[in-house]
């Protein structure tokens, strides 16, 4: 499939999605029980006027049995805090759960230790914030997922997740392909992740598994949930 045809298909699907409401087959936004150790990745719709094309992501971790949840997020700077309201954020839009890692308590502690170490390192490496193309809140979450080996993908509308500087090359999030990015455009090709074209932070493409069309409008895909 050539890129021009892929773009036409994705844009047509985007128009269908925005006119028909939520047609993606998505699981409910429900976190595990309070006594379960886990790490969860969530995002919420950005406020107007970019509600339909952008989301803000954060990470929630539960280590202590019945204790406070830990939240990792970037607003002006990346930070860690405790929270009793893991689904709330600065906006009032849709909140989506993109994946939950459930392991034994020691394994979740190791992920939290990594997040604690890498969050200040991220702030040192990226002292500035730029909404488009990044680095921004989604750049931070994407790098934490990769550095701390949290096997969860952010949605296509998490603008900034593909920021790699002026030019950069990395593995795809699933580790089965390559991703080449510049400030203007980029491309991702993977055996399981499919093919994506990134232009000015917007994404169109096809996900091989679970099958879906990747869209530049929320919820970001037309097809099966990616969890």
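The values are calculated or read from the model by the stated rules, or taken from the named source; none is laboratory data. As the structure is a computational prediction, the values presented were derived from the model and not from experiment. Here the Cβ positions follow ideal geometry from the backbone for every residue, glycine too, while neighbour counts run over all protein chains shown.
Selection of the range 165-202 for residues being surrounded by 21 or more Cβ atoms within 10 Å (Cβ to Cβ), under 24 Å from residue 125 (Cβ atoms) and at pLDDT 90 or above yields 181, 186, 188, 198.
For the range 16-62, give me each residue that is at pLDDT below 95 and in contact with a helix residue (DSSP H, G or I) (Cβ under 8 Å, 6 or more places away or on another chain). 23, 24, 52 - these are the residues of the range 16-62 that are at pLDDT below 95 and in contact with a helix residue (DSSP H, G or I) (Cβ under 8 Å, 6 or more places away or on another chain).
In the list 92, 102, 81, which residue meets the criterion of being surrounded by fewer than 17 Cβ atoms within 10 Å (Cβ to Cβ) and free of Cβ contacts under 8 Å to residues at least 24 places away in the same chain? Reasoning before the result, please.
Working: 92 fails: free of Cβ contacts under 8 Å to residues at least 24 places away in the same chain; 102 fails: free of Cβ contacts under 8 Å to residues at least 24 places away in the same chain.
Of 92, 102, 81, the one residue that is surrounded by fewer than 17 Cβ atoms within 10 Å (Cβ to Cβ) and free of Cβ contacts under 8 Å to residues at least 24 places away in the same chain is 81.
Let me spell it out: the conditions are (1) surrounded by 14 or more Cβ atoms within 10 Å (Cβ to Cβ); (2) assigned to a helix (DSSP H, G or I); (3) touching a strand residue (DSSP E or B) at 6+ places or on another chain (Cβ under 9 Å), and residue 114 meets all of them except one. Which number is the exception? The single condition residue 114 does not satisfy is (3). Residue count for the range 120-133 satisfying the condition of being more than 14 Å from residue 76 (Cβ to Cβ) and buried (at least 20 other Cβ atoms within 10 Å of the Cβ): 1.
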